Amino acid sequence: MFKKIIIILIILVVLMLLCLGIIFLLKPNKSLAPSKPEAEVTSFQPKLAILSLDSPKVNYQLGETLSLIINLDSKGLMVDGVDVLITYNPSYLKPQFLTDKNPLDTTESVFTVFPLVKIDEAMGQIKFSALSSPGQSFTGKGQVAKLQFKTIHQGETFLEIKFKPGLTNDSNVALAGKGKDILGKVEGLKIFIQ
């Protein structure tokens, strides 16, 4: 009989310890909780390049020549080249050509090679590519090219650099040596023709 009482006592003690363990696990322990929230871990995001349109002024007279400057800010990254797709309203603006079917003025460009220049006057699109010479990657802020337009209609119009992240058939900025598109932002230009 004594053995039975000891076995029952041992079973009761084990059950009690088991219940206490379950209660301990279910009850939050404030001493184990962090006293301050931990800082969020964020991954490094490099600053991305910007292509923008600029002009010496935004107000033009009908028949006046608009000078459009395409600028690049590489945000400190090394760049081998760009693809630029500009759209405009052909009812308001007509591209002026410097040479036979080439509207680009590249005299002040940070790039040296322009393998593609494509114009669709009916759709109001100009697309071109600009590249650095081998071993001459560009970093910083600089002019990509200049375009001239004749103002042919009064009113307000907008020139835009077409860009959507992940697309390769619009505007892009190529990271030196990698070819990865690092374009993050584009800035268009609104002009007024009187």
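Some observations on this one:
- Nitroxide proxy distance, nm - points 7 Å out along Cα→Cβ at LYS164 and ILE152: 2.8 nm
- Among the chymotrypsin sites (Phe, Trp or Tyr not before Pro) in segment 72-142, those placed in a DSSP loop whose Cβ has at most 15 other Cβ atoms within 10 Å are PHE97.
- Computed in the context of the full set of protein chains, the accessible area of segment 117-194 at 1.4 Å probe radius has 51% of its extent on carbon or sulfur.
- Rel. contact order, % - alpha carbon contacts under 8 angstrom, at least six apart, segment 42-168: 37 percent
- Based on protein heavy atoms only, segment 84-194 ends up with 54 Å² per residue of surface accessible to a 1.4 Å probe.
- Computed over neighbours whose Cβ is under 12 Å from that of GLN143, the net charge equals -2, Lys and Arg +1, Asp and Glu -1.
- Stretch gain in nm, segment ASP100-ASP120, where the contour uses 0.36 nm per residue and the Cα spacing is subtracted: 5.8 nm
The values are calculated or read from the model by the stated rules, or taken from the named source; none is laboratory data. Predicted model, so just to flag it, every value in this text is computed and none were measured. Counting neighbours? That spans all protein chains shown, and the Cβs are built from the backbone with ideal geometry, glycine included. Note: areas computed on protein heavy atoms with side chains; ligands, DNA, RNA excluded. Shrake-Rupley method; radii C 1.70, N 1.55, O 1.52, S 1.80 Å.
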